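Q: Sharing a structure, written as structure tokens. Questions coming.
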Amino acid sequence: MTLDLTGKTALVTGASRGIGRAVAEQLAGAGATVAVHHSGRNSEAAAALAERLGGHEIAADLANPREAKRLWDEALDVLGTVDVVVANAGVFVEADPEVPLDDWLAAWDQTLSVNLTSLAVLSREAVNHWAARHAESDRQPGEIVGRLVTVSSRAAFRGDDPAFLAYAASKGGVVALTKSIARGWGRRGVAAFGVAPGFTATDMASGALAEDADGLRAQTSLGAIAEPEEVAPTVVFLASGLADHATGTTVDVNGASYVR
Ligand SMILES: NC(=O)c1ccc[n+]([C@@H]2O[C@H](COP(=O)([O-])OP(=O)(O)OC[C@H]3O[C@@H](n4cnc5c(N)ncnc54)[C@H](OP(=O)(O)O)[C@@H]3O)[C@@H](O)[C@H]2O)c1
């Protein structure tokens, strides 16, 4: 069995660092042409990665969900067509429930906008495009022309700490959206999958790791925190076309720290 994405194009959101960067590298390694998305705050890293992978770099601040539509349009423009979307960009914003409501709502809005609403806008653009492509080209029902892989979190299933209510709620929404796309668009050429990581050694987890790395390691049955390169292969496998009958599923990659 070979993971071969030769001739395929992929848009990876949040690919300037962390899990998204590892996914972009591994998709490119499997032959895909990749658009490396970032927020605009990390242009140098994203441009260097895109150049190294022979791909493209696109900036879009997903705190504004309308930017997700522009991101899609630009990805189509630079890639010509988009076969795979990996919706990975995310934020982990702390807001204790006891802070003033304005502060709590600001954290809630930022989290929901980046993690869920922008992901929904991007997914909507992608599935409408794929459904049109499927209809145009006289395809068989069940023949897949586009694959969406969303990155949620263990928190979607386990919940999170009180200061991360928004994060857990956003990730639960990502799982439900992924299932709904899988159910609604399967006959229209789309497969949709999720990956739900546990703690992974990236900037996002650096605070928690600095506080209690031993405790986090002890939560896993492997006694180790995953590296981004150990999460990415599951994404690439789901994107490869070898797992289309798993459409609708979200795969846990959390070292058995939460088994559901
Ligand atoms: N690390 C973990 O422990 C863990 C666990 C479970 C789930 N996850 C999920 O895995 C995904 C990737 O996380 P990570 O750990 O790789 O995080 P990370 O290292 O913090 O990277 C986050 C990525 O998202 C992008 N991003 C953040 N805010 C953005 C915005 N407003 N607009 C556009 N892009 C934005 C960042 O772009 P810039 O570089 O431009 O800021 C960066 O590429 C997230 O969805 C996260 O929730 C992570």
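Laboratory data are not the source of any read-out in this text; all were calculated from the coordinates shown. In this text, all values refer to a predicted model and were calculated from it rather than measured experimentally. When we count neighbours, we look across all protein chains shown, and the Cβ atoms used for this are built from the backbone with ideal geometry, even at glycine.
Q: So which lysines can Lys8 reach, going by Cα to Cα under 26 Å and dropping same-chain residues fewer than 8 places off?
A: Lys69, Lys179
Q: Relative to the Cα centre, what is the charge dipole magnitude of the chain, using +1 at the beta carbon of each Lys and Arg, -1 at the beta carbon of each Asp and Glu, and rounding to the nearest 20 debye?
A: It comes to approximately 1040 debye.
Q: Within the range 64-138, list the GluC sites (Glu not before Pro) lying in a DSSP loop whose Cβ has at most 10 other Cβ atoms in a 10 Å radius.
A: Glu98
Q: Assuming 1.567 mPa s and 4 °C, estimate D for the chain with Stokes-Einstein, Rh taken as the Kirkwood radius over Cα pairs, in µm²/s.
A: 71
Q: Taking the Cα centre as origin and putting +1 on Lys and Arg beta-carbons and -1 on Asp and Glu beta-carbons, what dipole magnitude results for the range 123-227, to the nearest 20 debye?
A: Rounded to the nearest 20 debye, it is 660 debye.
Q: With everything on Cα atoms, drop me the angle between helix 228-239 and the longest principal axis of the chain, reported from 0 to 90° to the nearest 10.
A: The answer is roughly 30 degrees.
Q: Along each of its three principal axes, how wide is the spread of alpha-carbon positions in the range 1-90, in whole angstrom units, largest first?
A: 40, 23, 20
Q: Still on this structure, I have one more. Give me Rg over Rh for the range 5-44, both radii from the alpha carbons and Rh done the Kirkwood way, two decimal places.
A: 0.99
Q: Let me ask something else about it. In debye to the nearest 20, how big a dipole does the range 138-190 give about its Cα centre with +1 on each Lys and Arg Cβ and -1 on each Asp and Glu Cβ?
A: So the magnitude is around 160 debye.
Q: Calculate, axis by axis, the spread of Cα positions in the range 198-260 along the three principal axes, and write the results as whole Å, longest axis first.
A: On the principal axes, the range 198-260 reaches 40, 24, 16 Å in Cα extent.
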